[in-house]
Amino acid sequence: MNKMNIASVKTKDEKANIDFLNLESASKVKGFHSSFPQYERTPLAELSNLSQALGIKNLYVKDESYRFGLNAFKVLGASFAVGNYIANRLGMDLSELPYEKMISDEVKEKLGDVKFVSATDGNHGRGLAWTANQLGQKSKIYMPRGTAQERVDNIRKENSDVDVYDANYDECVRMANDYANNNNGVMVQDTSWDGYEDIPRWIMQGYMTMANEAYEELKENGVKPTHIFLQAGVGSLASAVTAFFSNVYADDKPTIVIVEPHKANCLYETASADDGKIHNVTGDLDTIMAGLACGEPVTIGWPILDSYASYFLSVDEMYASHGMRVLGNPICGDIKVISGESGAVTTGVVSKLMTDPELKDIKDEVGLNEDSVVLAFSTEGDTDKKMYREIVWDGRYPSY
Ligand SMILES: Cc1ncc(COP(=O)(O)O)c(C=O)c1O
């Protein structure tokens, strides 16, 4: 396999509906999130010296390691979905359920005992377990084989019933769903399938807070990106952010590049195929980018990516480790970003596209040059500290 493969999107006559991911809806979502005492806009690192060294105009990296003290963006989706679930159950509008009200005894009494159920590579489960814990409710979380102990412990700290199973991520999703169906649990999964779409749609809307904050901050600085790089597991995050920016920059849409690891490249495979069908990837999905280790595209997100993303890249493991080292060791004057494997891969890709002569054709195809202003999202911090040190301190998965 090549170190990097590219698939471009074929032009569509009919595009997916992205109205539910517009600025108006993003503002409502942000209103909900800002009612949380933990809420703060996460930093947008402007890496001017790095961009100069790479030969682009500028590079902005949104640092989600600061999100709610949970080291990843994922809680944005889980909390918004749970908020909507509660509002629906109680016949209220979400605007009547700010954080204080949502965690009140009155709401708990009306709801009764609820068990929130999910499968996770780490971050989504932690976000859901945290939300359930804030509400005084229970959660049950399924994790795939190979999960780092730190990620299990962080979920257990939220009083969750969490276990690692001898199964991959997609199999864990099915196990969690069976459990929820048979035990009166509420399945809160960050991916969709036929007949299960409301909660994943809310989760995607929840992710817009991250995109909206970046949009606002760039606007305050009079900046508009030419390129947006987004990492993908099932593609909920990528499709939500793609839709948001396609709405706000409808007149002059930036080039949007989706990045996946070779070992779990279901969106790349789907984009490359000519049959218009979704292509799953099976097996162990054993990539260091644990958050991206998903083999089945989100069914409600794929049509959005198919309509609005520009390119799909499938990449080697090294782009994650390289990105972690670049962000963790800034050029003097730039801000340091502690970024985990799934967070750093997009920066790793941009850095290598600009410096590796073997990637020149791909660089030219996506149109990266000295006028490019790139926006990337470091979606997690060092969520597996042992691996972080092995990579950043000891040079595991060396750059080439
Ligand atoms: C840190 C991180 N980044 C990106 C993603 C990808 O999100 P999605 O599965 O919606 O594509 C995940 C998913 O768990 C994640 O944990």
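Laboratory data are not the source of any read-out in this text; all were calculated from the coordinates shown. Fair warning: this is a prediction, and the values are worked out from it, not measured in the lab. Because the Cβ atoms are built from the backbone with ideal geometry, glycine has one as well, and the counts that use them run over all protein chains shown.
Some notes on this structure:
- Multiplying each eigenvalue of the alpha-carbon gyration tensor of the chain by 5 and taking the square root yields semi-axes of 32, 22, 21 Å, largest first, rounded to whole angstroms.
- For Lys110, a cut-off of 19 angstrom between C-alpha atoms picks up these lysines, skipping any fewer than 8 places away in its own chain: Lys101, Lys138.
- Over 21 Å (Cα to Cα) - which of Lys15/Lys277; Lys74/Lys157; Lys12/Lys277; Lys3/Lys363; Lys15/Lys62 fall in this group: Lys15/Lys62
- In this simple spin-label model, placing a label point 7 Å from the Cα along the Cα-to-Cβ direction at both Asn221 and Glu106 gives a separation of 4.3 nm.
- Of the GluC sites (Glu not before Pro) in the range 37-99, those whose Cβ has at most 16 other Cβ within 10 Å and which sit in DSSP loop: Glu40
- For the range 1-80, the square roots of the Cα gyration tensor eigenvalues, ordered a ≥ b ≥ c, give a/c of at least 1.5 with a/b no greater than b/c, which places it in the oblate category.
- For a modelled paramagnetic label at Ser399, 7 Å from Cα along Cα-to-Cβ, the residues of the range 27-53 in reach, with backbone nitrogen under 15 Å, are 49-53.
- The range 102-160: trypsin sites (Lys or Arg not before Pro) in DSSP coil with no more than 15 other Cβ atoms inside 10 Å: Arg145, Lys157
- Estimated distance in nm for a label pair at Tyr39 and Glu197, the labels positioned 7 Å out from Cα along Cα-to-Cβ: 2.9 nm
- Relative contact order [Cα under 8 Å, 6+ residues apart], the chain, whole percent: 23 percent
- Residues Asn2 and Thr355, FRET efficiency given R0 of 22 Å [Cβ-Cβ distance, rounded to 0.05]: 0.80
- Near the amide H of Met187, within less than 5 Å, lie the amide hydrogens of Val117, all on another chain or at least 5 residues away, with H placed in the peptide plane.
- Loop sites in the range 355-400: GluC sites (Glu not before Pro), DSSP, at most 16 other Cβ within 10 Å: Glu370
- Whole-Å distance, taken between Cα centres, linking the range 1-75 and the range 220-257: 7 Å
- Working from label points 7 Å from Cα in the Cα-to-Cβ sense, the Tyr179 to Glu96 distance is 3.4 nm.
- For the range 51-58, backbone phi angles converted through the Karplus equation (6.51, -1.76, 1.60; θ = phi - 60°) give residue-by-residue couplings of 5, 4, 5, 7, x, 10, 6, 6 Hz, Gly and Pro being listed as x.
- Under 20 Å from the Cα of Lys336 - aspartates and glutamates, other chains or at least 8 residues apart: Glu40, Glu46, Asp63, Glu64, Glu213, Glu217, Glu380, Asp382, Asp384, Glu390, Asp394
- Computed from the C-beta positions of Lys253 and Asp274 and an R0 of 30 Å, the FRET efficiency is 0.75 to the nearest 0.05.
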